[in-house]
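Report on one structure; see the data block that follows.
The values are calculated or read from the model by the stated rules, or taken from the named source; none is laboratory data. All values derive from a computational prediction rather than experimental measurement. Ideal geometry is used to build each Cβ from the backbone, glycine not excepted, and the neighbour counts take in all protein chains shown.
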Amino acid sequence: MCFAYGEQEINYLRKRDKRLGRVIDQVGIVRREVDPDLFAAVVHHIVGQQISTKAQATVWRRVRENLGVVSAATVLGAGEERLRGLGLSGRKVSYITDFARRVRDGSFDIDAVSAMEDGDAVAALSSLKGVGVWTAEMILLFCLQRPDVFSYGDLAIHRGIRMVYRHREVGPERFERYRRRFSPYGSVASLYLWAVAGGEVPGLSDPAVSAAVKSGRAERGAS
């Protein structure tokens, strides 16, 4: 299952921004998988923190194969030692089991999150141990499929903006202008900026990297 969007979102972004429109035409439809199960999505994002994409895929496969359904009951039934044996750090195990306990005892109403406005959902999710604002925003996009997620904390989005619009840096005010421009389809804009940052549009370089290289050469020349 992939993040769902179509001509309505694409045409809107093309009209709002010609440069992004050209990127959309070059890249085509972006297929990014989503996980509609909110509990599993939270666990999956905690698993993936501070490890490579390949390592995340390996550990997450072990978790799913070992637990079957990833739920509060199966997490707590497995116990901390068994979870650590799947390749999870002690800290991540503590975050995941704390989350499972809160869901089980009702102190975290996971069903209510799906009905919340974006800001409230981010606040609720980021109240969990091990879940920051950026992680909460990614859960909104890749689990709840919210249409207008454009995360200031995402370094790849910053890189994509720099590459498309030729900025050396993207501060809060500039980022906010882009966020307003792409709203209410910031999530789709994010997909395309991630594609740019990942090198899917040939010929686009990062001005920040180019500036750093030039600065390094200048310093070496002066020494």
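Some observations on this one:
- Among the residues of the stretch 106-120, the ones that are over 27 Å from residue 59 (Cα atoms) and in a helix (DSSP H, G or I) come to 4 in all.
- Among the residues here, residue 155 does not qualify as within 18 Å of the chain's Cα centre (by Cα) and touching a residue at least 60 places away in the same chain (Cβ under 8 Å).
- Hits in the stretch 24-61 (condition: more than 27 Å from residue 113 (Cβ to Cβ), within 20 Å of the chain's Cα centre (by Cα) and in a helix (DSSP H, G or I)): 24, 27, 54, 55, 58
- Residue under evaluation residue 12, criteria (1) surrounded by 14 or more Cβ atoms within 10 Å (Cβ to Cβ); (2) modelled with pLDDT under 95, criterion not met: (2)
Conditions tested, residue by residue: (1) surrounded by 16 or more Cβ atoms within 10 Å (Cβ to Cβ); (2) out of contact with any Asp or Glu (no Cβ under 8 Å at 6 or more places or on another chain); (3) on the phi < 0 side of the Ramachandran plot; (4) at pLDDT below 95.
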| site | (1), (2), (3), (4) |
| --- | --- |
| 104 | no, yes, yes, no |
| 113 | yes, yes, yes, no |
| 116 | yes, yes, yes, no |
| 131 | yes, yes, yes, no |
| 140 | yes, no, yes, no |
| 144 | yes, yes, yes, no |
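- Restricting attention to the stretch 1-23, the residues being more than 15 Å from the chain's Cα centre (by Cα), outside any loop (DSSP other than H, G, I, E, B) and touching a residue at least 12 places away in the same chain (Cβ under 8 Å) number 8.
- Count of the stretch 83-101 residues which are assigned to a helix (DSSP H, G or I) and either within 20 Å of residue 57 (Cβ to Cβ) or in contact (Cβ under 8 Å) with a residue 24 or more places away in the chain (or both): 12
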